[in-house]
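What follows is a single structure, written as C-alpha cells, with notes after it.
The values are calculated or read from the model by the stated rules, or taken from the named source; none is laboratory data. Not measured: the values here are computed from a predicted model. Reconstructed Cβ throughout: ideal geometry from the backbone, glycine too, with neighbour counts over all protein chains shown. Remember, those area values only see protein heavy atoms, side chains included, never the ligands or the DNA or RNA. Shrake-Rupley method; radii C 1.70, N 1.55, O 1.52, S 1.80 Å.
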Amino acid sequence: MTISRRDSLKTAAALAALGLMPGAAFAQEGEGPLTRTFSIGEDDAPVHIIEYASLTCPHCATFHTSVFPRLREEYVDGGQVRFEFREVYFDRLGLWGGMLARCGGGMRYFGIVDLLLKNQPAWSRAASPTDAVAELRRIGAQAGLTEAQMDECLADAELAEALVAKYQEHMEEHAISGTPAFVINGRMHSNMSYDDFTRLIDAELS
C-alpha cells in the first residue's frame, strides 16, 4: 500500500481527533509499556530489521503469511536477525487492531498480530465498525483474551492517542512511502521476496 509522508501524518492527526474509539474511554495513567514497539530475536543480533506495516494492508498480510515465517525460522530463531514491528495507521481499524494486539502484553503481541493478518479480510473489510469490532473480539478470544481485557484495551483512549503519537515519531524518523517497508541496518527497502531478503541479510552478515 502506497502512502505519502504528508498524508500519513494527516491520517494520524485525524485518528487522534473525534471518532477514534470503538467504545467509551477508560483513562490510563501516562505512557505505559504497551505503547512501545515489540521485537523478536537476540538484542545483539548483527542484523536489525524494522518493518513498517499496517494491519489493514493486504500486501503486509501477504508478507507475513508467505515470507516472514521463513525469515523467522532461518534468521531470527538462529540469532542473526532482530526483527522489530512498527505499526502504520491508515485508519481507525488498523489502530484498533494494534490496541487489541497489546491486550495480552508483550508475550502475546506477535501471536495476535499473526492472527489479525491471517484473518485480515474478516475484520478490515467488515460492513460496519460494529461488525469490525465483533470480528476483532473473536480474534482476541481465539488468542485467549478475556472479555474484560478486550473491553479495557479497546476503550482506552489514552493508549490510542499515545500509539498515534508514537506512530508520528516513527514517520519523522523514516520517510515511509508505502507498506510494508523495511529498514535493514539503517537502510530503507520496499517490499520484496524471500530471496531478495536473504541476499540483503547475507550481505550484512558477510
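Across segment 95-147, what is the number of residues that are touching a helix residue (DSSP H, G or I) at 6+ places or on another chain (Cβ under 7 Å), acidic (Asp, Glu) and without any contact (Cβ under 8 Å) to a residue 24 or more places away in the chain?
1
Check CYS103 against each of (1) more than 14 Å from the chain's Cα centre (by Cα); (2) over 25 Å from SER66 (Cβ atoms); (3) of a type outside the set (Asp, Glu) and name the one condition it does not meet.
It fails just one condition, (1).
State the number of residues belonging to segment 167-187 that are closer than 19 Å to HIS64 by Cα, at pLDDT 90 or above and open to solvent by 10 Å² or more (accessible area, probe 1.4 Å).
Count: 0.
Here is a check on your reading of the model: is GLU152 open to solvent by 20 Å² or more (accessible area, probe 1.4 Å) and either under 30 Å from GLN80 (Cβ atoms) or not in a helix (DSSP H, G or I) (or both)?
Details: open to solvent by 20 Å² or more (accessible area, probe 1.4 Å): yes; either under 30 Å from GLN80 (Cβ atoms) or not in a helix (DSSP H, G or I) (or both): no.
The answer is no for GLU152.
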